Amino acid sequence: MISVREADTIIAEAQAILPVEEVPLVNAMGRGLRRPVFADRDLPPFDRVMMDGIAIAFRAWAAGRREFAVGGVQAAGEPRKVLEDPEHCLEVMTGAILPEGCDCVIPYEDTSVMPSGRRVTDKMRLRQNQFVHRQGSDFCAHSMLLPAGKRLNSCDIAVGASCGRAHLAVSRLPRVSLISTGDELVELDEPVAPHQIRRSNIFALWAACRKAGITQVSTFHMQDEAGSINRVLDQAMEDCDVLILSGGVSHGKFDLVPEVLAQRGVRRRFHGVSQRPGKPFWYGTGETVAHVFALPGNPVSTVTCFHRYVLGALDRMQGLPVQAPSLAQLTEPFAFQPPLTCLLPVRLRDSGGGLRGATPFPVSNSGDYASLVESDGFVELAGEEISEFPLGFAAPFFQWL
């Protein structure tokens, strides 16, 4: 049995980056950018007016002029106009190009209307290039605006649009196959006998994949019998990058998944992690499937292992950095035995001081999935060396998707 940290390392070292594909800009949200985006021109591309008002030549104001005859209007989207007389002004609108001959903008509210034009209020203190967003002051042409390896958000999409990028190079999304195992499981719309339960883990995994932006997700079910397992694996492993199974990995007589996977050439990287829940967690790699995650079938174990390990692997496959979890402070002491890492469900609350408070919300056992709805996620308490965690202890927090 290995530690949580060792499991992390093994999964990360087995990582394979998915191929690049070009997608329309409007479909790139949340994807992993693989090629950087550069500015195709200066930002802003011209001296941009920042306020509705009048544009003047600063030297006229510096020479004592306070009243300016209006020589025209410069609207946004119009070609650049010229201030013919430096003792006059042009009315300008926000977003317009600054007229030639002007180097100062005065907002309308700092002027008054006069028969001859506009008068600048006496209290106004002007400076050259006031309310002018200078050309190239944000970024020069050819500057890198979006680096490769970034998960694209809405601001990134706007940047791509401003550079005329109708398509972006991103990682192909992982193709995921989800398999539930067990003779005791029945479909949602089937009658359920007293000795049976409905499939639920598979829907939790499907929903989490979709929330993570993984759109190509297939679901399967197999019985606790080698023939059924092989038949389902034939389908599930076709055109699949990540295989995730729930159940069949413990040490019971009908836990056949590790044996069948080995027969199919899937290399076991580890079986058993020093943690609770999810101790029987199995992980391997195949020739055609980059990752095989065989998660313990108890519902709490399944969803906890998925959030703790699988989500990070899905990010790495897209060339995305795995973000370190945030920290949350225990709002009450918590003791845990035996010497394992405890993945403890918690409720969050604002504790002040920049850290969130995490109130322990332990479930009765790994099958108590209904209680998870009262929690926000779980904290990781490394209990191999200590068993008591005091009030205020800061631990990594993983939020449910």
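The values are calculated or read from the model by the stated rules, or taken from the named source; none is laboratory data. As the structure is a computational prediction, the values presented were derived from the model and not from experiment. Cβ sites come from the backbone with ideal geometry, for glycine too, and all protein chains shown count toward neighbours. Just so you know, the surface numbers come from the protein's heavy atoms only, side chains and all, with ligands and any DNA or RNA stripped out. Shrake-Rupley method; radii C 1.70, N 1.55, O 1.52, S 1.80 Å.
For His195, tell me the accessible area in Å² from a 1.4 Å probe, rounded to the nearest 10.
Roughly 150 Å² of His195 is accessible to a 1.4 Å probe.
Using a basic spin-label model with each label point 7 Å from the Cα along Cα→Cβ, how many nm lie between Ala75 and Val373?
Each label point lies 7 Å from its Cα, and together they span 5.7 nm.
So how far, in whole Å, is the C-alpha centre of the stretch 211-265 from the one of the stretch 19-67?
51
So if I restrict to the alpha-carbon atoms in the stretch 205-323, what is the Rg, and what is Dmax, the biggest pairwise distance, in Å?
Cα-based Rg and Dmax for the stretch 205-323 come out at 13.6, 40 Å.
Near Lys279, which lysines are there with a Cα under 27 Å away, not counting those fewer than 8 places off in the same chain?
Lys211, Lys253
Counting alpha carbon pairs within less than 8 Å and at least 6 residues apart, what relative contact order, in whole percent, applies to the chain?
Relative contact order for the chain comes out at 16 percent.
Taking the 0 to 90 degree range and rounding to the nearest ten, how far is the long axis of helix 226-236 tilted relative to the main principal axis of the chain, both from C-alpha atoms?
10
Cα centroids of the stretch 70-102 and the stretch 288-340: how far apart, whole angstrom?
Measuring centre to centre over Cα atoms gives 59 Å.
How many nm is it between the label spots at Ile10 and Thr215, if each spot is 7 Å from the Cα in line with the beta carbon?
3.5
Which net charge results for the neighbourhood of Arg65, defined as the other residues with beta-carbon distances under 12 angstrom from its beta-carbon, given Lys and Arg at +1 and Asp and Glu at -1?
Details: positive: Arg59, Arg66, Arg118, Arg119; negative: Glu67, Asp85, Glu87.
Once all neighbours under 12 Å are counted, the net charge is +1.
Taking only protein heavy atoms and a 1.4 Å probe, what accessible area per residue, in Å², does the stretch 236-294 have with all protein chains in place?
Per residue, the stretch 236-294 has 43 Å² of solvent-accessible surface.
What FRET efficiency, computed as 1/(1 + (r/R0)^6) with R0 = 35 Å and r the Cβ-Cβ distance, is obtained for Arg198 and Ser162, rounded to the nearest 0.05?
0.10
Pull out a ≥ b ≥ c, the square roots of the eigenvalues of the alpha-carbon gyration tensor of the stretch 342-383, then state rounded if a/c is under 1.5, prolate if not and a/b is larger than b/c, and oblate in the remaining case.
Oblate, since a/c reaches 1.5 and b/c is not below a/b.
Once label points are set 7 Å from the Cα along Cα→Cβ at both Val82 and Arg66, what is their separation, rounded to one decimal in nm?
Here the answer is 3.2 nm between the modelled labels.
Would you mind finding the longest exposed-site-free stretch of the chain, with exposed GluC sites (Glu not before Pro) meaning DSSP loop and at most 10 other Cβ atoms within 10 Å?
Value returned for the longest uninterrupted segment is 1-186.
Tell me, what is the per residue accessible area of the stretch 314-359 in Å², probe radius 1.4 Å?
With all protein chains present, the stretch 314-359 gives 48 Å² per residue.
Please report the net charge: other residues with Cβ closer than 11 Å to the Cβ of Gln130, K and R +1, D and E -1.
Taking every other residue near Gln130 into account, the sum is 0.
Any chance you could look up the accessible area of Trp206 with a 1.4 Å probe, heavy atoms only, rounded to 10 Å²?
Around 100 Å² of this residue is reachable by solvent.
Please report the carbon-and-sulfur percent of the accessible area for the chain; probe 1.4 Å, protein heavy atoms only, DNA, RNA and ligands left out.
Working: 10070 of 19430 Å².
Here carbon and sulfur together make up 52 percent of the probe-accessible area.
Of all chymotrypsin sites (Phe, Trp or Tyr not before Pro) in the stretch 218-273, which ones are in loop regions per DSSP and have a Cβ with at most 15 other Cβ atoms within 10 Å? Mind showing how you got there, number by number?
Working: sites: Phe220, Phe254, Phe270; in loops: Phe254.
Counting only loop positions with at most 15 other Cβ atoms within 10 Å, the chymotrypsin sites (Phe, Trp or Tyr not before Pro) in the stretch 218-273 are Phe254.
Under 12 Å from the Cβ of Ile10, count the other residues' Cβ atoms, weight Lys and Arg +1, Asp and Glu -1, and hand me the total. Spell out each step's value before the answer.
Values: positive: Arg5, Arg267, Arg268, Arg269; negative: Glu6, Asp8, Glu13.
Overall, the nearby charge balance is +1.
Find the eigenvalues of the gyration tensor of the Cα atoms of the chain, then list the square roots of 5 times those eigenvalues as equivalent ellipsoid semi-axes, largest first, in whole angstrom.
Working: eigenvalues 750, 132, 62 Å².
Ellipsoid semi-axes (Å, largest first): 61, 26, 18.
Let a ≥ b ≥ c be the square roots of the eigenvalues of the Cα gyration tensor of the stretch 267-356; is it rounded (a/c under 1.5), or, if not, prolate (a/b larger than b/c) or oblate?
Here the stretch 267-356 falls in the oblate category.
Taking only protein heavy atoms into account and a 1.4 Å probe, give the accessible area per residue of the stretch 48-96 in Å².
49
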